[in-house]
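The block underneath contains the structure these notes are about, expressed in structure tokens.
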Amino acid sequence: MLLSNKEFEPIVKSWSQPAEAYRSLILNLRLMDRGEKLQTLMVTSALPQEGKTTTLANLAVAYARSGANVLAVDFNLRNPRLHQAFGMENTDGLRSCLQQPENWELAVRSSGYANLSVLTAGRAVARGTEEFTTEQARTLFEQLKAAYDVV
């Protein structure tokens, strides 16, 4: 299950005010989709320590609690942290999937929450995004979108 890390507390307490804020965000995202199913979301920021991992983890849990089949992917290859949010090791993750997209299912793990799986980044590297091509990433994400409601 999850670490008892305070920054991830909204995940643990589904009745909390922050958890309600994430549910409201999901509702707004669904209202914006204009009839097209919103299937992929990316959480990013310009600087470190701005809450990307916290937002991703909480948003993924909220989506899963709404009934969607969700895969949270840690694409931060330089400083991965999503594994910490879910109390798991950071092994055989996105990096291995990008090298062999057809084997992605081997790297996906259960989060401890119904309807939510996690694909960790794998070991951190200084030049992470230079290890794969756009085509590799596209192939992988097409496979993931075919298997999950929300990635």
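General remarks:
- Hey, residue 122 open to solvent by 30 Å² or more (accessible area, probe 1.4 Å), more than 12 Å from the chain's Cα centre (by Cα) and on the phi > 0 side of the Ramachandran plot or not: no
- Residue check, residue 49 open to solvent by 30 Å² or more (accessible area, probe 1.4 Å), over 23 Å from residue 14 (Cβ atoms) and without any contact (Cβ under 8 Å) to a residue 24 or more places away in the chain: yes
- Residues satisfying the stated conditions in region 22-46, i.e. among the aliphatic types (A, V, I, L, M) and without any contact (Cβ under 8 Å) to a residue 12 or more places away in the chain: 27, 31, 32, 46
- Of 56, 82, all but one fail to be without any contact (Cβ under 8 Å) to a residue 40 or more places away in the chain, under 20 Å from residue 14 (Cβ atoms) and either touching a Pro at 6+ places or on another chain (Cβ under 9 Å) or open to solvent by less than 20 Å² (accessible area, probe 1.4 Å) (or both); the exception is 82.
- Entirely in region 25-127, the helices (runs of 4 or more DSSP H) that have 2 or more residues that are at pLDDT 90 or above: 52-65, 82-85
The values are calculated or read from the model by the stated rules, or taken from the named source; none is laboratory data. Only a predicted model underlies this, so the values are computations on that prediction, with no experimental measurement involved. Virtual Cβ from ideal backbone geometry, glycine too; neighbours counted across all protein chains shown. For the accessible areas, the whole protein counts, side chains as well, though only heavy atoms, and no ligand, DNA or RNA atoms are used. Shrake-Rupley method; radii C 1.70, N 1.55, O 1.52, S 1.80 Å.
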